[in-house]
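Student: Starting off with a structure, shown below.
The values are calculated or read from the model by the stated rules, or taken from the named source; none is laboratory data. Note that the structure is a prediction, hence the values are computed from the model and not measured. Cβ coordinates were reconstructed from backbone atoms using ideal geometry, including for glycine residues, and neighbour counts include every protein chain displayed.
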Amino acid sequence: MSFVFAVPEYVGAAATELASIGSSISSANAAAAGPTTRLLAAAEDEVSAAVASLFAGQGQAFQQLSAQAAAFHAQFVQALSGAGGAYAATEAANTSPLETAWQEVRGVINAPTELLLGTPLIGKGVNGAPGTGAPGGTGGLLFGPGGDGGSGAPGQPGGRGGNAWLFGNGGRGGAGGTGVTGTTGSAASHADGGTGGTGGAGGAGGNGGLIMGSGGAGGVGGLGGLGGAGGAGASGVLAGSGTNGGQGGNGGTGGAGGQSEGLAGFFGGHAGANADGGAGGDGGQGGQGGSPLLAGSGGNGGNGGNAGLGGSAGGAGAVAGVDGNGGNGGHGGNGGLFAASGDVGGNGGNGGSGGNSVGGNGGNGGDGGNGGGGVITNITKGTLAGGDVAGVAALTAGTP
């Protein structure tokens, strides 16, 4: 006995394409009707008239056959469209009662175990809510996979995947939360930027069913937090140096894969995959040196923060997270407008050094500040006589 599988959507699409093809053929036949059914004789003799009549008759016969073929084509397209609609209606009629019946039967089956043990007999465990780190629910006592663990809040671990009981795979562990960003440094208290928070560890995968089922995959470790930016140096009569950027946070540890609890050599499943560690956070950028209002040199830019380390691998087969990049050094402050003597402007501050990184890229050093501009002094006025310029003004400019 053979079975025929029909997809209603494909049947309807085929009917639409066939209708388009029939329309194109009918248009071509209509365009050819005039030139092929009404031929003029090449001359007024009997032979020419007979030849023209013969070809015109052939054209008329072709048009009659084309009309019959178009009618058959239209009937075929109509039948195909009706078949597609019938398939769709039958599938909908079969699906709705079965789904409704299954929901009712499952409720009756699970009611006793949920009342006594709080766990359904058949069904998937409840997933942990995202951002909470809640563990996944346990699968059905007889059949059903465990629920997935929820992802962790910032800097917090992900939830553990739920276990399966007899038949079913363990739930996947939740991803660890990203580490928080370090605080920004203060110029007033000359405090450096804060260190970024460590990423949360990924949740462990749930265990597979006791009879058959694979362990759940461990959750991915969270990303390390970014280091805080260093504070800018104060700008005043005497400029201060910018503070250093904070160190990037370390990546979170990847979650361990769940264990396969199936019977050895019979229905045993596979252990869950171990997850990768999270990437380390980037170091914070050093603060910019302050610029003095009048005299003095600009402050030095702060140093960029060091990069965080990548998180550890969850287990064999997984890889550790990559290290972050070092922060960029702060820019040096600009020199003062002029010095106390009124001649020479202040020197620009030195740019800060870039942060260090073990596996990532080191930060770029900051740019040095611009030197201050000099002022113009010692102007000697010439004399004027008879309306003509008899003296020449001597101008001595200050040193920039």
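Student: Within segment 59-66, can one find any residue that is more than 30 Å from PRO8 (Cα to Cα), touching a helix residue (DSSP H, G or I) at 6+ places or on another chain (Cβ under 7 Å), in a helix (DSSP H, G or I) and aliphatic (A, V, I, L, M)?
Tutor: Within segment 59-66, none of the residues are more than 30 Å from PRO8 (Cα to Cα), touching a helix residue (DSSP H, G or I) at 6+ places or on another chain (Cβ under 7 Å), in a helix (DSSP H, G or I) and aliphatic (A, V, I, L, M).
Student: OK, next. Taking the conditions exactly as written (among the hydrophobic types (A, V, I, L, M, F, W, C), closer than 17 Å to LEU166 by Cα and either crowded, with 24+ Cβ neighbours inside 10 Å or modelled with pLDDT under 75 (or both)), does ALA229 satisfy them or not?
Tutor: no
Student: Yes or no: segment 112-135 includes at least one residue that is touching a Lys or Arg at 6+ places or on another chain (Cβ under 6 Å), under 30 Å from GLY199 (Cα atoms), part of a loop (DSSP other than H, G, I, E, B) and at pLDDT 85 or above.
Tutor: Taking every residue of segment 112-135 in turn, at least one turns out to be touching a Lys or Arg at 6+ places or on another chain (Cβ under 6 Å), under 30 Å from GLY199 (Cα atoms), part of a loop (DSSP other than H, G, I, E, B) and at pLDDT 85 or above.
Student: Among what's in segment 37-51 and is in a helix (DSSP H, G or I) and either at pLDDT 85 or above or not assigned by TED's automatic domain parsing to the domain that holds ALA74 (or both), pick the residue that is farthest from the chain's Cα centre (by Cα).
Tutor: Among them, the one singled out is GLU46.
Student: Turning to a different aspect of this structure: Can you tell me which residue in segment 159-174 is nearest to the chain's Cα centre (by Cα), limited to those that are small (Gly, Ala, Ser) and at negative phi?
Tutor: Of everything passing the filter in segment 159-174, GLY174 is nearest to the chain's Cα centre (by Cα).
Student: Mind telling me which of the residues GLY149, GLY215, GLY140 ends up being assigned to a loop (DSSP other than H, G, I, E, B), over 30 Å from GLY246 (Cα atoms) and in contact with a Lys or Arg (Cβ under 6 Å, 6 or more places away or on another chain)?
Tutor: Result of the check over GLY149, GLY215, GLY140: GLY149.
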